[in-house]
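J.: Just dropping this structure here.
The values are calculated or read from the model by the stated rules, or taken from the named source; none is laboratory data. These numbers were taken from a predicted model, which means no experiment stands behind them. Cβ: placed from backbone, ideal geometry, glycine included. Neighbour counts: every protein chain shown.
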Amino acid sequence: MTTKTGRYALSDADKRGVRWALVPLVLGCVAFGIWALRGPKNLFPYEAIAWLSVAKLVNCVFDSPLAWVRRRMAAIAALAVLIAVSIEVAVYGYLLPRTYEFIKGLADAEPSEEQAEAIKEGIKHLFNLRIWIAYVPTLVLWIFAAWSEDLLNWLHRHAPDEEENV
């Protein structure tokens with residue numbers, strides 16, 4: 001139940017920011033929940049951090065009264081959404097099929113010294129894929145989300161003089 005004064009606690013821009021940030025926030029919470037239920041041997045914490053970072057960046061779009069700053073923050077938030085979606089697509093469309101293919105190849109392999117070297121190289125390749133597909137993009141999103149307020153302030157300082165548009 002809302003009170004007469006409680007419904008005015010958020011401005012219209014804040015309400016829009018919360019609505020837009022709700023979807024990535026829910027996706028991040030679901031990924032954290034799956035990670036908590038399934039254990040640490042998956043990429044769900046990275047997906048969760050990526051989506052929660054997107055939620056923070058999307059919410060920052062509506063923190064400025066200046067349209068020039070909002071447009072730039074919207075572009076950064078859109079790029080963050082593309083990075084988060086690319087993490088999902090790359091993990092489930094590229095990394096996991098390669099991992100399953102590698103594991104099936106292990107079942108058919110005969111034990112030998114050269115086969116052990118091939119397995120070692122295959123595991124090294126899969127770990128490198130995991131780093132570049134999941135870890136690095138998540139780190140980039142987290143850094144942008146952590147410094148989003150500083151980025152917003154920097155954009156405010158460099159914004160051209162214009163009227164405030166809400």
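J.: Residue check: is Lys15 part of a helix (DSSP H, G or I), basic (Lys, Arg), exposed (fewer than 14 other Cβ atoms within 10 Å of the Cβ) and without any contact (Cβ under 8 Å) to a residue 24 or more places away in the chain?
T.: On the way: part of a helix (DSSP H, G or I): yes; basic (Lys, Arg): yes; exposed (fewer than 14 other Cβ atoms within 10 Å of the Cβ): yes; without any contact (Cβ under 8 Å) to a residue 24 or more places away in the chain: yes.
In short, yes.
J.: Moving to a separate point now. Of the numbered conditions (1) out of contact with any helix residue (DSSP H, G or I) (no Cβ under 6 Å at 6 or more places or on another chain); (2) outside any helix (DSSP H, G or I); (3) among the polar types (S, T, N, Q), Ser86 fails exactly one; give the number of that condition.
T.: (2)
J.: Being of a type outside the set (A, V, I, L, M, F, W, C) and buried (at least 16 other Cβ atoms within 10 Å of the Cβ) is true for just one of Asn128, Asn59. Which residue is that?
T.: Asn59
J.: While we're on this one: Considering each residue of region 89-125, count those that are touching a residue at least 24 places away in the same chain (Cβ under 8 Å) and surrounded by 13 or more Cβ atoms within 10 Å (Cβ to Cβ), and give that number. Walk me through it before giving the result.
T.: At the first step, the residues of region 89-125 found to be touching a residue at least 24 places away in the same chain (Cβ under 8 Å) are 90-91, 94-95, 98-99, 102.
If we keep only those that are surrounded by 13 or more Cβ atoms within 10 Å (Cβ to Cβ) too, we end up with 90-91, 95, 98-99, 102.
Number satisfying all stated conditions: 6.
J.: Which members of region 55-75 meet the condition of being at pLDDT below 90 and either under 19 Å from Ile143 (Cα atoms) or outside any helix (DSSP H, G or I) (or both)?
T.: Phe62, Asp63, Ser64, Pro65, Leu66
J.: For region 147-164: of the residues being in contact (Cβ under 8 Å) with a residue 60 or more places away in the chain and surrounded by 10 or more Cβ atoms within 10 Å (Cβ to Cβ), which is nearest to Ala31 (Cα to Cα)? Even if it seems obvious, please write down each step before you answer.
T.: Our first condition is that a residue be in contact (Cβ under 8 Å) with a residue 60 or more places away in the chain; within region 147-164, this holds for 148-149, 151-152, 155-156, 159-160, 162, 164.
Going one step further and asking which of them are surrounded by 10 or more Cβ atoms within 10 Å (Cβ to Cβ), we end up with 148-149, 151-152, 155-156, 159, 162.
Details: Ser148: 22, Glu149: 25, Leu151: 27, Leu152: 28, Leu155: 32, His156: 34, Ala159: 37, Glu162: 41 Å.
Per the stated criteria, the residue is Ser148.
J.: State which residue is nearest to the chain's Cα centre (by Cα) when the search covers only region 13-31 and only residues that are of a type outside the set (A, V, I, L, M) and more than 10 Å from Leu52 (Cβ to Cβ). It would help to see each step written out before you state the result.
T.: From region 13-31, those of a type outside the set (A, V, I, L, M) are 14-17, 19-20, 24, 28-29; that's our starting set.
Narrowing the set further to residues that are more than 10 Å from Leu52 (Cβ to Cβ) leaves 14-17, 19-20.
Working: Asp14: 21, Lys15: 22, Arg16: 20, Gly17: 17, Arg19: 18, Trp20: 15 Å.
That would be Trp20.
J.: Would region 33-43 turn up any residue that is at pLDDT below 90, crowded, with 19+ Cβ neighbours inside 10 Å and touching a Lys or Arg at 6+ places or on another chain (Cβ under 7 Å)?
T.: no
J.: Also: Are any residues in region 18-32 within 17 Å of Ile87 (Cβ to Cβ), touching a helix residue (DSSP H, G or I) at 6+ places or on another chain (Cβ under 7 Å) and either crowded, with 18+ Cβ neighbours inside 10 Å or among the aliphatic types (A, V, I, L, M) (or both), and if so, which ones?
T.: Pro24, Leu25, Leu27, Gly28, Ala31
J.: Is it the case that Leu52 is free of Cβ contacts under 8 Å to residues at least 60 places away in the same chain and surrounded by 12 or more Cβ atoms within 10 Å (Cβ to Cβ)? Walk me through it before giving the result.
T.: On the way: free of Cβ contacts under 8 Å to residues at least 60 places away in the same chain: no; surrounded by 12 or more Cβ atoms within 10 Å (Cβ to Cβ): yes.
So Leu52 does not fit the description; no.
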